[in-house]
């Protein structure tokens, strides 16, 4: 373990490389990078956020929500985890309202401009695409007949 001390400064680089690997759909490299960064700083939640982000990008929404909930349990003020959690719930068919509420709270209270921007964009996406009315090609919702 003493050898790991010399690489402590590389923590953020490994995390950033992990996020880049996720965006390039390289799950194997992303997980290895997040695990390596976790070894350098086991108390930091950023690698856990990265793993949740990986699940979110793969649309493994239950796993993503679980990861972000864990981060928030450890670090309740983690704005990035809250925004990603809100987005994960908003994309879950049965949890749209819960996700929207988290995103609204994050958009209002976040100090980081990029997180605010993310939450606002996610809210706009929910309004335009998730809560939208059916298209002409989709059958309208069935109405119950009154007797």
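The values are calculated or read from the model by the stated rules, or taken from the named source; none is laboratory data. This structure is a prediction, so every number in the text was calculated from the model and none was measured. Counting neighbours? That spans all protein chains shown, and the Cβs are built from the backbone with ideal geometry, glycine included.
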message = Please count how many residues of region 48-63 are touching a residue at least 12 places away in the same chain (Cβ under 8 Å) and surrounded by 14 or more Cβ atoms within 10 Å (Cβ to Cβ).
response = 11
Answer residue from region 96-147, given it is modelled with pLDDT of 95 or more and in a loop (DSSP other than H, G, I, E, B) and is nearest to residue 62 (Cα to Cα) among those = 110
ask   = under 27 Å from residue 131 (Cα atoms), modelled with pLDDT of 95 or more and surrounded by fewer than 17 Cβ atoms within 10 Å (Cβ to Cβ) - does that describe any residue in region 15-36?
value = yes
query = Which of the residues that make up region 22-47 are free of Cβ contacts under 8 Å to residues at least 24 places away in the same chain and touching a helix residue (DSSP H, G or I) at 6+ places or on another chain (Cβ under 6 Å)?
reply = 29, 33, 34, 36, 38
